[in-house]
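Asks: The structure is given below, and queries will be raised subsequently.
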Amino acid sequence: MKLKRYLILIFMIVIFFILSSCSESNPGLYINPEIYEYTPAMSSTPGIGLIASFQRDLKNKNYKFHWLTEQGTFLTWHEDGKGRIEILGNDVKTNVHKVYWATGGERIKESSFKVYLKVENIDTEEVIYETSIEILQNESGYFSIKE
């Protein structure tokens, strides 16, 4: 009887490790889009707002956000009543957890591409977390976030 319980326990532990290693890696970092569909013709927003979200509290940590896109550019939108938009480029290191992705006035030919985000230590540039999202372009000038 003890042997049977022991074998069941071993079997359950093995299954647990197999399932946990087969699941998608959870980086502790996510990119949360404010909208899931975008076209530059939309006048209410300069692009797709992308917000870095964490599973763990990183307050008072010595880190920066490293945003990188294969297509388009990143913007900041100063919502100070003047609607000032600042173009940041396609490879940006900043302490701001929210940026906007936009075409940057260029015609994008790719049907899909990725936006990457890394959280790096300011002093050592060691990557603490990293993640990405995919943006699809099913029709020319119409972009959506792949879910």
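The values are calculated or read from the model by the stated rules, or taken from the named source; none is laboratory data. What you see is a predicted model, and the numbers here were worked out from it, not measured in a lab. Note that each Cβ is placed from the backbone with ideal geometry, even for glycine, and that neighbours are counted across all protein chains shown.
Asks: Since Lys82 meets every condition but one in (1) touching a residue at least 12 places away in the same chain (Cβ under 8 Å); (2) not in a strand (DSSP E or B), which condition does it not meet?
Replies: Among (1) touching a residue at least 12 places away in the same chain (Cβ under 8 Å); (2) not in a strand (DSSP E or B), the lone unmet condition for Lys82 is (1).
Asks: In segment 133-146, is there at least one residue being under 19 Å from the mean Cα position of the chain (by Cα), at pLDDT below 95, within 19 Å of Glu34 (Cα to Cα) and among the basic types (Lys, Arg)?
Replies: Within segment 133-146, one or more residues are under 19 Å from the mean Cα position of the chain (by Cα), at pLDDT below 95, within 19 Å of Glu34 (Cα to Cα) and among the basic types (Lys, Arg).
Asks: So in segment 94-127, with the set limited to residues that are part of a loop (DSSP other than H, G, I, E, B), touching a residue at least 40 places away in the same chain (Cβ under 8 Å) and surrounded by 13 or more Cβ atoms within 10 Å (Cβ to Cβ), which one is nearest to the chain's Cα centre (by Cα)?
Replies: His97
To keep it simple, each residue is scored yes or no on (1) outside any loop (DSSP other than H, G, I, E, B); (2) among the basic types (Lys, Arg); (3) at pLDDT 90 or above.
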site	(1), (2), (3)
Met42	no, no, no
Ala52	yes, no, yes
Lys61	no, yes, no
Leu68	yes, no, yes
Phe74	yes, no, yes
Ile87	yes, no, yes
Val92	yes, no, yes
